[in-house]
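Participant: There's a structure below that I have some questions on.
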Amino acid sequence: MASDSTITLLCLRAGLTALCLVLPVHSQASGLAAPDWSQQLRSRGADRVNASLLAQPAHMAALNQRAADCEPAAVGLAVGLVRTTLPKAARLHEESLRVAVGTCTELVLAQLTSGEVPRICASASSWTITQTARELRRRIAQLDLDEAGRPSERGKACRAAYHHELHHTRVSLRVARPDRAGR
């Protein structure tokens, strides 16, 4: 077990900027005793918990990093908290879930509603265009392999969302057909 003086660097990327925090492994060592966010989500609702998390950026960053790292409890909490009316909190949770769905696809998809799948099965804002194209292709191939035997509705919806983004957004490169180049 690590001592209370052990530190870790947590970075959460949002767009072109990154928020990096140095936190003790045990949050009590810094006086940041984290409340039971899952219990608070059940009793207070997503908006109130997200307001608390936004007021405590260290806790928000730690939670979203743990969700991106596919810790089951953190993924479940992020899925619950993404259902908020607070846009900034929703974006942060969506970003961590977008990263997580590339590693622990079934864990994330099993907790989403059908309507949430296309929002989460999208590229992370921190990816470059090249990274996005490569990662979307990798994720589509992964879903094709995972879903080969028994495709789920959420798996199909996720694959469709990735395919649409790959072919109909800034990632796709449109090249004029040779027969229309001279017109």
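Participant: Rounded to the nearest 0.05, what FRET efficiency is calculated for Ala110 and His167 with R0 set to 25 Å and r the Cβ-Cβ distance?
Facilitator: With R0 = 25 Å, the Cβ-Cβ based efficiency is 0.40.
Participant: Please say if the range 69-119 is rounded, prolate or oblate, where rounded means a/c under 1.5 for a ≥ b ≥ c the square roots of the C-alpha gyration tensor eigenvalues, and otherwise the choice is prolate for a/b larger than b/c and oblate otherwise?
Facilitator: Taking the square roots of the gyration eigenvalues as a ≥ b ≥ c, the range 69-119 is prolate.
Participant: Taking the solvent-accessible surface of protein heavy atoms with a 1.4 Å probe, what is the per residue accessible area of the range 39-92 in Å²?
Facilitator: Each residue of the range 39-92 exposes 45 Å² on average to a 1.4 Å probe.
Participant: Starting from 0.36 nm per residue, how many nanometres of slack lie between Arg44 and Lys88 once their C-alpha separation is accounted for?
Facilitator: 14.0 nm
Participant: Let me ask something additional. Which distance in nm do the two modelled labels at Arg119 and Thr103 give, with both placed 7 Å along the Cα-to-Cβ direction?
Facilitator: Between Arg119 and Thr103, the simple spin-label model gives 2.3 nm.
The values are calculated or read from the model by the stated rules, or taken from the named source; none is laboratory data. The shown structure was predicted, so the numbers you read here are calculated from the model rather than taken from an experiment. In this analysis, Cβ positions are derived from the backbone assuming ideal geometry, glycine residues included, and neighbour counts consider all displayed protein chains. The area values use the complete protein model at the heavy-atom level, side chains included, leaving out ligands, DNA and RNA. Shrake-Rupley method; radii C 1.70, N 1.55, O 1.52, S 1.80 Å.
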